[in-house]
Structure formats: structure tokens, C-alpha cells
Amino acid sequence: MLELLQQGFGAVFSLNIMLLMAVGVAMGIVFGAVPGLSATMAVALCLPLTFTMGPQAGLSLLVALFIGATSGGLISAILLKIPGTPSSIATVFDGGPLMEQGHGVKALGVGIVFSFLGTIFSIVALMFIAPQLAKVALSFGPHEYFAIAVFSLTLIATLSAGSMIKGLFAGTLGIAVSTVGIAPVEAVRRFTFGFSELNGGFSMLTVMIGMFAVAEIIKLAETGRHAVQGKAKSVSMKNIRGFGFSLKEFREQLPNAGRSGIIGLGIGILPGIGAGTSNLVSYIIAKKRAKDGHTYGKGNIGGVVASETANNAGVGGAMMPLMTLGIPGDTVTAILLGGFLIHGIQPGPLLFISQGPLVYTIFAALIVATCMMLFMEFYGLRLFIKLLDVPKHILLPIILVLCVVGAFGLSSRLFDVWSILLFGLLGYAFVKAGMPAAPFIIGFILGPMAETNLRRGLMLSDGSFAEFFTNPIAGTFLGLALAFVLWQVFSALRPKPSAINQILRT
């Protein structure tokens, strides 16, 4: 392990990869900080650029964007009281009041430092847990993979939205779209309607760019020029030592940070839930466990610590199912899966055997990008504050052009350009209907995995479904999936105000 990690750092410390990662972290922070943009959009936008790079350089750039954007949301959450990303919603609750009370530097310093610690904690956990999980996954067959895919789809469809029906519909639609093209087992054309361009189905990249980047552009264009955009308040760095808070305050927050890190990691591992949930859950628990819980929401650094530690700890958590099972943990890692596939690499348990040096290069890139994030966010704060003031009607057309260029550059086909516009309109319709895009995307990705392994499992068992339930691992996951659906149905029949909604109201 140490030898492979040394090789990984050796690859990352090459000049071209270091420059790419520096640009990636900076760009990620901007996308995370500007309300309306996101980590998903940043990674989707830059995914086509990695096509001409080697796997080490391309994946290092993508994870740098992921790290920067996940943490960057705290900047606008504190300075504008607008979460830059869903993972920074809970940061607003105490970060905003701290800024109004004149403690903006302290809030930013606490957020930056504990973002760094949360990310490092999750990366270390990823390095030690993922290889062991991959060894277990090597014994998985079609029955196990089908059951895991079903379980993942169930979680995503039920937890990614307030309505279970909308989540299930979005996930089912994603699976339906994934069936377009030549079938994986018997090679029969399905739903191509005579168009040869559809023989290979829709490209993962065009679906990602359309559903997230183009749809977001269309949504923001509704109010673009006339939108009232908050101005970032000035932050004075004079007479500030270190990150603006004392060593005593740091030590007092360590139990809170440790608990939030574990929550973020655990929720991040569950496919499809993501940092948007973990930061709220950790905030709720931190508020309940704190002696001064009544001050949460009024300017307590404990709220910032809980939110930022948890959402950044989700980075390593989301990478774990991606690298060990080939199942993305959230929408960003779904796009990272596309990055692997572009370079002909299939994530899963065999990745640790066939691509060991690459795996540890990714681990090294995560660590280096996290250190870059710590440095850039604190010392480049004034620059990022200015970037928050860029008008949307100037920024969005540039992003749209980059989306079109990226889609066309994939296969040099205008069909892909029309595809991103089609999925952009579909994503916009999702927004208007209040349906989540995450179940659609994960359904699109996991649909072929579930279908292929279902067919293979049936062939191994001579057409019998019994082995899917008698197999211990497959039966357990299918049982959990059924229990989870029943629990969601029961919860829907007996609606109760959630703790998260109560916090958001206050």
C-alpha cells in the first residue's frame, strides 16, 4: 500500500498534473461559490476536456473540481446567506448570523479548516476501507450485483425528493432511456426508430451535461438579467491571526467535528443520498447534543463545523461505492464514472487489481487537492468574493458555449449537441414539475447494470428467480430494498413534519 501510494504521489507531483489540479480546485471553488452553479455542473463541463488527457491527469482534474466545488459553497453561504450548493444549506443557519455580527472571518476560517479536516478524514477512510470492501466484492456474481443495483435505485428514488412517487417516476424514466440502443445480451435494436445514431444509445456525457448544466442554464435564464443578486459583504483581514479562531475553540469543536465526519462518511457511502442530506442531519444532531443548542441558528460556530465537516466527509464516502462496486454514490461521482469509462476503465472490485497505481494516484490527488483547497480558499478569498458579483447574463452564455463544444468534441457529431439540448429541456421540465434529476441519472446508469445481471443470473439458474432470494447477499439487499419501500409508503400515509423541515422554517 505504501509503495503504491508513493507512486501515486510521484505521478501527481508532476508539473502538468499539479497545474491541472490547481486550475481544477480554483474553478471548483468558483462553481461551488456562485449560487446556481454546482459541483455537478463543474465536473460535467470539464469531463470532455479529459478525453485527450491520460487517465491520471484527467481523473486528477475531475477530483480536484469535486473537492473545490464541495467546499466552495461555504463562501456564498456565509457572505450572501445563499448556499452555493445544496451541501451548504446548513452552513447558512449560523454562518450568515456570524457575518452580520462582524465575525465573518471567523465563520469563513472555521468553515475552511473543518472542510479540510472532513475531507482528509473521508479520504483516509476511503484508503483503508475501499481495498477491503473490494476484496469482498470480488466474490460477487450477477445475483449480488443485481440486488445491489435494485437496492441503490430504491434508495435514490425514495430519498432524492419530497415525493416518493416523483422519485420513482424519475428513476423509472432514467432506466427506460438507458434501454435505447442495442440490447446488452441478445444485441437487438430497441427504440431506435430507424436512427442509426441511436444504435449505441445516448452517451452518458450528453445526458449529464443536458440534465444538469443546460437545464440549470435554462432555469437561471428565466430571471437572468433581472434577478436581484446579493452583493458579497466586505471582509476585513486586518489584525487577523491564522484562520480567525482560537486554539481553544478548535479543541472544543473536535467532538462535534468527529461526530459530523462519521455522519457525512456514512451517508456518503449510501448511493444517491449525498452531502445535501448529510449536512442537515449532522446539524440537527449537533444542535441536539450541544450544551448551548439554543444558540444554534443565531451565530454558533458549532453549526458551521457540523455542516462543513459532514458535507466534505461525504466526498470519500461517495467515492467508495464508485470505486469498489462501480455504483456512483451521488450525481458528481456518476459523472466521474463517465470519466473512468472515457479512458476505458471500469470501476469495480477488479479496479484495485488491474489498475492499482491509478487507484492510489486518485487517492494522492484527493489529498493534494484538499491541501490546495485549504490554501486557495483562505488566501484567495478576496478574488472569490469579486467573482460572486459577475452577472448571470454574462456568465451563462459562456457556460452554454462550453457545453456545446464539450458535447460535440466527444464524437464530432451534431447529434450529441441536439441530445444535450433535448436532455436540457427534459431537465428543465423536471425542475418545473418539482421532480429530482438524481434518480433519473442514477437510473440511467444503473439500469443497464441491473438488466445485464438479471439476465446473467437467470441464465445461471436456468430461468429461476429463486436464487436471487436464496443467495444470502442478494436476498439481504433485496429484503432491505423492499423494507425501505414499505417504510417510505408507511411514512407517506402518516405524514409527520421532519426535523429538517422544522429547521428550514426557523
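Taking segment 280-376, how much of its Cα-Cα pair set, in percent, is spaced more than 17 angstrom apart?
The calculated P(r) of segment 280-376 puts 61 percent of pairs beyond 17 Å.
To the nearest 10 Å², what's Ile209's accessible area with a 1.4 Å probe?
Accessible surface of Ile209 is approximately 0 Å².
Given Cβ point charges of +1 (Lys, Arg) and -1 (Asp, Glu) and nothing else, what value in debye, to the nearest 20, does the dipole of segment 263-357 about its Cα centre take?
My answer is approximately 400 debye.
Among 313-326, 133-146, 285-298, 111-124, what's the highest-first ranking by average C-beta atoms within 10 angstrom per residue?
In decreasing order of mean packing, 313-326, 133-146, 285-298, 111-124 become 313-326, 111-124, 133-146, 285-298.
Which of the aspartates and glutamates could a cross-linker span from Lys298 if the Cα-Cα distance has to be under 16 Å and same-chain partners fewer than 8 positions apart are dropped?
Within reach: Asp94, Glu100.
Over 29 Å between Cα atoms: which of Lys248/Lys288; Lys248/Lys287; Lys106/Lys166; Lys166/Lys219 fall into that group?
Lys106/Lys166, as the Cα separations exceed 29 Å there.
Using a 1.4 angstrom probe and counting only protein chains, how large is the accessible area of Glu100 in Å², to 10?
110
Sort 335-341, 63-69, 300-306 by packing, meaning the average of other beta carbons within 10 Å per residue, with the highest value first.
In decreasing order of mean packing, 335-341, 63-69, 300-306 become 63-69, 300-306, 335-341.
Once fully extended, how much extra length lies between Lys288 and Val23, figured as 0.36 nm per residue of separation less the alpha-carbon to alpha-carbon distance?
Result for the pair: 91.4 nm of gain on full extension.
The values are calculated or read from the model by the stated rules, or taken from the named source; none is laboratory data. Note that the structure is predicted; figures quoted are calculated from it, not measured. For neighbour counting, all protein chains shown are included, and Cβ atoms are generated from backbone atoms with ideal geometry for every residue, glycine included. Keep in mind that these areas ignore ligands, DNA and RNA; they rest on the heavy atoms of the full protein, side chains included. Shrake-Rupley method; radii C 1.70, N 1.55, O 1.52, S 1.80 Å.
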